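Just below is one structure, and these are the notes that go with it.
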Amino acid sequence: MKIHNISRGEVFQNLITSEKGLSEEDAARRLREYGLNEIKEVRKKPLSLRFLSQFTHFLAVLLWIASAMSFLSEYLHPGGGMLTLGIAIVAVIFVNAVFTFIQEYRAEKALEALKKLLPFYVKVLRDGTEKEIQAIGVVPGDIIILSEGDKVPADARLIETNELKVNNAPLTGESEPQLRSHNSFDGDIIESPNIVFAGTTVLSGSGRAVAFATAMSTQIGRIAQLTSAVETGLSPLQKEIVRATRIVATIAAAVGIFFFSLGFLIGRSFWENFIFAIGITVALIPEGMLPTMTLSLAMGSQRMAKRKALIKTLTSVETLGAVTVICTDKTGTLTQNKMAVRRLWFDDRIFEVKDLTGDNVVELLRIAYLCNNARFLDGRYKGDPTEVGLFKVARETLGELKAERIREIPFDAERKRMTTLNAVEGKIIALSKGAAEGLLPLCDYLLINGEKVPMDETLRRKTIAVCHSLMDMGLRVLSFAYKEIERSAVAVTSSEEIEKSMILAGLIGLEDPPRPEVAEAIMKCNRAGIKIIMITGDGSRTAVAIAREIGLIKGNPVVIEGREFNQMRDRELRENLLGKEVIFARMTPKNKLRVVSILKEEGEIVAVTGDGVNDAPALKKADIGLAMGISGTDVAKEASDMILLDDNFATIVNAVEEGRTVYENIKKFVTYIFASNIPEAVPYLAYILFRIPLPLTVIQILAVDLGTDMLPALALGAEGPTPGVMKQPPRRLKERLLDLPLIVRSYLFLGPIEAFACMFGFFWVLYNGGWTLGTMLAPTDMLYLQATTACLTAIIIAQIGNVFACRSSKESIFSIGFFSNRLIFGGILLEIALQLFIVYHPFANRIFGTALLPLSVWLILIPFGVVLFLAEELRKFYVRTYRHASS
């Protein structure tokens, strides 16, 4: 027998307790048996392993290999600067790991938030005496004393109730107060009125309940298990980083092996070839990409925070840009969550609020005023948004009304209505309000022009038709009825009798106005190829009307209601989800997980909104979980990837725009970083093929990758969105971060120009110093030091031209604004300052193996930066012309 099916006496018998509660000895024994009443961590990695994982992802492994090869090269060939390179690479790995770990550790606190939902102290009966204990000490069999404002510490069966109402929204998503009863119930335990659940709140009334489930055995504990068990998987960007890293590693290894083999053909020794292979492999690995990527994502998250979107997981910044489907709630996200009366139906006519007078609407608005728990306090209306909307229009039309409330039959989901007994002008009046389907069957009369007219089938059908027409306007429709009761019969009349044979006073339609910016945001999504699916608890007529008003639907949408959804097989649901316009109505939060799972199985990148505890698994499962910052529970916020600080749908669209911009910017600075790999590798090729002094040392490569390149690359990561970023479809799943056009542009166009510049600078200094081909110079020779310095300086100058070139892949820099990104100029100034330090400071000369350069060398090299920039502008012009001609 289930706990909610049995009688009060059987509850005590089954849980081995009594009306006096447990004894202290029995409670202590059960605490040892069942454990503390707290949410335990499930399948969560220890902090140490989570920190270590920052050192073992693919890009970090590639850098570990590069550092190991550097240390090996230093061991085999001491004094080549490889030790410094190895140490620097390890430092990069550690700094990046710590930074990323701190960011993401702060974002992973879902279980801690679940614990916060449990109260610290609760009242229980022990040995017949009321005691206050810590919530973690509650055990099965404890009798819990509940009163207004209390949080429920465990799942418990009610044994006494006095007009007890609870808020189950954190668990079920139902915002209406739920009336509780201690009578046995034959339905499902989740719907049982004699059960109170851990983490929910007592809104009014009082009661006593026997705890039957604590800790992980509670409903909230099961959700914690489900949330922890949901596999989030790698984000699209993480997958792309892995793939890009593999490509880079393959290219670097292939080139290293090729020239290692080539060295044997031209007569070099094994160790010479081996050290050279390590050098060129390290040169081709972009050491600066990892920290630049991390910092760029962090900057993107800061920009989103300024637009009311708080990003918790760094890679989520870019994932937003790849979103193909947004599953959104209606209330509070698409709408303002501010219910206002728009239409009233009485005397067989529909009125607007502006047409009301105190004379023609007294009865209808009197019910709306008195059968209401909203209040006007301290100059503000307070209460449930629907009740506030009704109370406000009634108060402003009729003024203050005085009436004693004798009794209340609270609203509940089964009855779908609320009734109060009020003493009005010496009479006892029963006043009811509720959904038409719950109240209309109880009405035998309709009030028309002050007269009671019998409610025949014609009037009943007409009333239902009016109700539907108001719902089709996007209004939430409530019906209002009343009847007079004899004072002597009040005490003996049952709730069922009170609500029989009532007089229908009329209907009121309330609107939760759409947010003004939502319609434009939806248009942006349509242009951007993003599908929006509304998931709401409202009825389908209201949902469709609101969706049509905000431009979410234009044709005949696929509309699925909760009951139909629960009966659908996955295959049928998949077919319905293929519809262009889809709306889910009368849905509960637990249905979201199934929708999200199927969409992901179909290859969609899914963002989903949520605010309740029951939304947490869906938020965790989605590619991007979006929690409400204002109305959301702690659990939803902690399970999500992003928090909407203003609960606004338009904020989601702004975040998607930022996400797309971040991905574009990542491609920009990857192009910039990869382009410098060629001038870093070519000197090694020339060194082995032509037997010349090594034009660029490993430590100088480090100066570029982790020094001069970093700030301009970060400035590229701060580029604003291009005009067409929200006019193109979401990035295809098959589209790669490191695609062929990017590789060709970096390695075969920009890179070779930079390589020519650096080799020109190297040979210019050598030949002007009297060097002849075939002469090998000592590493400490001043001419050699100046030549390598010129080679390094040429790369820096070329990279200055390159940073402007990489600001777009197709558009001319003059069309996007030469000075529109001022961070670029700041990055260039710091890049030049660092290079001047490397060239002209004695300490830097010793570290980097450089020497002073005369001004004439700078003047010879500067045109290469201009040439690279102009060459890239010509390429872009050709691309635009070709694209225009082909279209």
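The values are calculated or read from the model by the stated rules, or taken from the named source; none is laboratory data. Everything quoted here is computed from the prediction, not taken from an experiment. We place every Cβ from the backbone using ideal geometry, glycine too, and count neighbours over all the protein chains shown. All accessible areas refer to the heavy atoms of the entire protein, side chains included, with ligands and DNA or RNA removed. Shrake-Rupley method; radii C 1.70, N 1.55, O 1.52, S 1.80 Å.
Is at least one residue of the stretch 826-848 assigned by TED's automatic domain parsing to the domain that holds residue 760, charged (D, E, K, R) and farther than 23 Å from residue 752 by Cβ? The answer is yes, given that some residue of the stretch 826-848 is assigned by TED's automatic domain parsing to the domain that holds residue 760, charged (D, E, K, R) and farther than 23 Å from residue 752 by Cβ. All of 792, 689 fail the test of being under 26 Å from residue 259 (Cβ atoms) and either open to solvent by 40 Å² or more (accessible area, probe 1.4 Å) or touching an Asp or Glu at 6+ places or on another chain (Cβ under 7 Å) (or both), apart from 689.
Cβ-Cβ distances below 7 Å connect the following pairs, each with a first residue in the stretch 524-547 that is over 19 Å from residue 319 (Cα atoms) and among the acidic types (Asp, Glu), a second residue that is open to solvent by less than 10 Å² (accessible area, probe 1.4 Å) and assigned to a strand (DSSP E or B), and a separation of six or more residues or different chains: 538/585.
Of all the numbered requirements in (1) closer than 30 Å to residue 509 by Cβ; (2) crowded, with 24+ Cβ neighbours inside 10 Å; (3) modelled with pLDDT under 85, residue 630 misses one, and that requirement is (2). Of the numbered conditions (1) open to solvent by 40 Å² or more (accessible area, probe 1.4 Å); (2) touching a residue at least 40 places away in the same chain (Cβ under 8 Å), residue 732 satisfies every one except a single condition; which is it? Condition not satisfied by residue 732: (2). Being open to solvent by less than 40 Å² (accessible area, probe 1.4 Å), of a type outside the set (Ser, Thr, Tyr) and at pLDDT 90 or above narrows it down to one of 475, 421, so name that one. Only one candidate qualifies: 421.
Among the residues of the stretch 344-371, just one is within 45 Å of the chain's Cα centre (by Cα), modelled with pLDDT under 90 and part of a loop (DSSP other than H, G, I, E, B), namely 356. Based on this model, can you work out whether residue 20 counts as of a type in the set (D, E, K, R), open to solvent by 30 Å² or more (accessible area, probe 1.4 Å) and modelled with pLDDT under 80? So residue 20 does not fit the description; no. Taking the condition more than 16 Å from residue 677 (Cα to Cα) and either crowded, with 17+ Cβ neighbours inside 10 Å or modelled with pLDDT under 95 (or both), does residue 778 pass? The answer is yes for residue 778. Out of all the residues in the stretch 378-392, is one or more at pLDDT 85 or above and charged (D, E, K, R)? There is at least one residue in the stretch 378-392 that is at pLDDT 85 or above and charged (D, E, K, R).
The residues of the stretch 809-819 that are among the polar types (S, T, N, Q) and farther than 16 Å from residue 713 by Cα, listed by number, are 812, 815. Taken over the stretch 790-822, the criterion of being basic (Lys, Arg) and assigned to a helix (DSSP H, G or I) is satisfied by 822 alone. Test residue 666 against the stated conditions and say whether it is in a helix (DSSP H, G or I), over 39 Å from the mean Cα position of the chain (by Cα) and more than 30 Å from residue 336 (Cα to Cα). Criteria not met by residue 666. If you go through the stretch 425-447 and pick out every residue that is more than 51 Å from the chain's Cα centre (by Cα), open to solvent by less than 70 Å² (accessible area, probe 1.4 Å) and modelled with pLDDT under 90, you end up with 1. The residue that is surrounded by the most Cβ atoms within 10 Å (Cβ to Cβ), counting only those in the stretch 478-490 that are hydroxyl-bearing (Ser, Thr, Tyr) and in contact (Cβ under 8 Å) with a residue 40 or more places away in the chain, is 479.
Each row is one residue, and each column tells you yes or no for (1) at pLDDT below 75; (2) over 16 Å from residue 660 (Cβ atoms); (3) out of contact with any Pro (no Cβ under 7 Å at 6 or more places or on another chain); (4) open to solvent by 10 Å² or more (accessible area, probe 1.4 Å).
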residue	(1), (2), (3), (4)
274	yes, yes, yes, yes
278	yes, yes, yes, no
285	yes, yes, yes, no
290	yes, yes, yes, yes
326	no, no, yes, no
329	no, yes, yes, yes
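Checked against (1) open to solvent by less than 10 Å² (accessible area, probe 1.4 Å); (2) assigned to a loop (DSSP other than H, G, I, E, B); (3) under 28 Å from residue 281 (Cβ atoms), residue 725 passes all but a single condition, namely (3). Checking each residue in the stretch 562-591 for being open to solvent by 50 Å² or more (accessible area, probe 1.4 Å) and more than 19 Å from residue 611 (Cα to Cα) picks out 563, 564, 566, 567, 569, 570, 571, 572, 574, 575, 578, 580. Highlighted here are the strands (runs of 3 or more DSSP E) found entirely within the stretch 93-181 that include at least 2 residues which are hydrophobic (A, V, I, L, M, F, W, C) and either at pLDDT 85 or above or surrounded by fewer than 19 Cβ atoms within 10 Å (Cβ to Cβ) (or both): 121-126, 143-147, 155-167.
Every condition in (1) modelled with pLDDT under 85; (2) not in a loop (DSSP other than H, G, I, E, B) holds for residue 713 except the one numbered (1). The C-beta contact set for the stretch 689-711 (first residue assigned by TED's automatic domain parsing to the domain that holds residue 677, second residue among the hydroxyl-bearing types (Ser, Thr, Tyr) and surrounded by fewer than 24 Cβ atoms within 10 Å (Cβ to Cβ), distance under 6 angstrom, 6+ apart or interchain) comprises 693/784; 694/687; 699/84.
Residue by residue, here is whether (1) within 25 Å of residue 192 (Cα to Cα); (2) open to solvent by less than 30 Å² (accessible area, probe 1.4 Å); (3) modelled with pLDDT of 85 or more holds:
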{"site": "1", "(1), (2), (3)": "yes, no, no"}
{"site": "4", "(1), (2), (3)": "yes, yes, no"}
{"site": "7", "(1), (2), (3)": "yes, no, yes"}
{"site": "10", "(1), (2), (3)": "yes, no, yes"}
{"site": "16", "(1), (2), (3)": "yes, no, yes"}
{"site": "43", "(1), (2), (3)": "no, no, no"}
{"site": "72", "(1), (2), (3)": "no, no, no"}
{"site": "76", "(1), (2), (3)": "no, no, no"}
{"site": "84", "(1), (2), (3)": "no, no, no"}
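Only one of the numbered conditions (1) assigned to a helix (DSSP H, G or I); (2) open to solvent by 50 Å² or more (accessible area, probe 1.4 Å) is violated by residue 599, and that is (2). Checked against (1) out of contact with any helix residue (DSSP H, G or I) (no Cβ under 6 Å at 6 or more places or on another chain); (2) at pLDDT below 80; (3) hydrophobic (A, V, I, L, M, F, W, C), residue 51 passes all but condition (1). Among the residues making up the stretch 317-328, those that are outside any strand (DSSP E or B) and in contact with a helix residue (DSSP H, G or I) (Cβ under 8 Å, 6 or more places away or on another chain) are 317, 318, 319, 320, 321, 322, 323.
Select the strands (runs of 3 or more DSSP E) contained entirely in the stretch 497-596, then report the ones holding at least 1 residues which are on the phi < 0 side of the Ramachandran plot, at pLDDT 90 or above and touching a Cys at 6+ places or on another chain (Cβ under 9 Å). Output list reads 502-511, 531-535, 582-585. Residues in the stretch 809-830 that are buried (at least 16 other Cβ atoms within 10 Å of the Cβ) and either among the aromatic types (Phe, Trp, Tyr) or touching a Ser or Thr at 6+ places or on another chain (Cβ under 7 Å) (or both): there are none. Considering 607, 686, 627, the condition of being small (Gly, Ala, Ser), touching a residue at least 12 places away in the same chain (Cβ under 8 Å) and part of a helix (DSSP H, G or I) is satisfied by 686 alone.
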